[in-house]
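Worksheet for the structure shown next.
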Amino acid sequence: MALKICLLLAAILVVTLARPPSESVEFTFTDPTGRIVGGKPAEEGSVPYMVAMIIGETARIFMCGGSLISQRHVLTAAHCVVSVYNSGSLLSSLRIVVGTNTWDSEGQLYEISHNFTHQEYNSKTIQNDIGMLVTSSDMKLSDTVKLVPLSYDFVGGNVNCRVAGWGRVLASGKLSSTLLELYVTTVDADECIEDVQKVAAAIGIRPPPVLPEMHLCAFNSKGHGSCYGDSGSSLVEVDSGKQVGLVSWGLPCGLGSPDMFTRISAFEPWIEEKLAKSVDIE
């Protein structure tokens, strides 16, 4: 029984996960409708803060998304940083790509000097799922490379947001080489918990706990949502243009329950501390 529960938990969309080397280079976007799951291709340069975490340079292996919050700092999910080590790779082999909607062949590459994961990140319950990468040199800003401001305000339900990523277009599909976007609406905590539990019960999964103080729920409709590979990508409030969350986990993929985002406002002290600490390390 314990093994069965572990396998069910592994089936949950902890939208991670490091890709095996054999899957690199072969990922192409072939769906003419364009989907994160149910989304559409983003206009070139319309998400200038978007970051792709990759292993390698010429033959790139996609790991996760992230957001550019300073010329040296990338905000992402803790499980994305951990997945680099779980894949057998070293931090020295990790690169980030900025300035492009096509992660596998274009953009500017930067090396990583060090990283942070939240000291209380829990991979079993997916709590405190936040991490930060620090580049070895300043990234050059341009029309297609810009910083995203962070919002430390608590976001409730019914707020219009935008999420973009290079994740799979279906749970069993391929990664998208083209950046896809989806407009979603935040969901009240009680409604979110009810919807997640309902869908999880229908597919026989025991989900991690939804914690409103650190999780932000967002939803479009059934057949739309984040999927494997979208982890770490930013959730941005449409009206303010500020980042309010980052992709953490959900039920795979677009099954009709809200996706779970790490709530930026819950981690203001941690973010500000790491931004200051990384300067001291230099």
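The values are calculated or read from the model by the stated rules, or taken from the named source; none is laboratory data. Model, not experiment: these values are computed from the prediction. Cβ placement follows ideal geometry from the backbone for every residue including glycine, while neighbour counts extend to all protein chains displayed. All accessible areas refer to the heavy atoms of the entire protein, side chains included, with ligands and DNA or RNA removed. Shrake-Rupley method; radii C 1.70, N 1.55, O 1.52, S 1.80 Å.
Could you give the accessible area per residue of region 127-227, probe 1.4 Å, as a whole number in Å²? Please list the in-between numbers first.
Details: 4400 Å² over 101 residues.
For region 127-227, the per-residue accessible area is 44 Å².
With r defined as the distance between the Cβ atoms of T58 and L170 and R0 fixed at 25 Å, what FRET efficiency is calculated, to the nearest 0.05?
Efficiency for this residue pair is about 0.35.
Between K140 and L91, what is the label-to-label distance in nm when each label sits 7 Å out along the Cα-to-Cβ direction?
2.6
Taking a ≥ b ≥ c as the square roots of the eigenvalues of the Cα gyration tensor of region 74-165, is the shape rounded (a/c under 1.5), prolate (a/b larger than b/c) or oblate? Could you put the intermediate results ahead of the total?
Values: a/c = 1.84, a/b = 1.08, b/c = 1.70.
Oblate shape, in that a/c is at least 1.5 and b/c is the bigger or equal ratio.
Using alpha carbons only, what's the Rg to Rh ratio of region 164-282 with Rh from Kirkwood? It would help to have the intermediate numbers written out before the result.
Working: Rg = 15.3 Å, Rh = 15.2 Å.
Rg/Rh for region 164-282 comes to 1.01.
For region 61-120, which GluC sites (Glu not before Pro) are both in a DSSP coil and crowded by at most 16 other Cβ atoms within 10 Å? It would help to have the intermediate numbers written out before the result.
Working: sites: E106, E111, E120; in loops: E106, E120.
Taking region 61-120 and a limit of 16 other Cβ atoms within 10 Å, the loop GluC sites (Glu not before Pro) found are E106, E120.
Keeping the other protein chains in place, figure out the carbon and sulfur percent of the accessible area of region 85-215, with a 1.4 Å probe.
Details: 2910 of 6120 Å².
That share works out to 47 percent.
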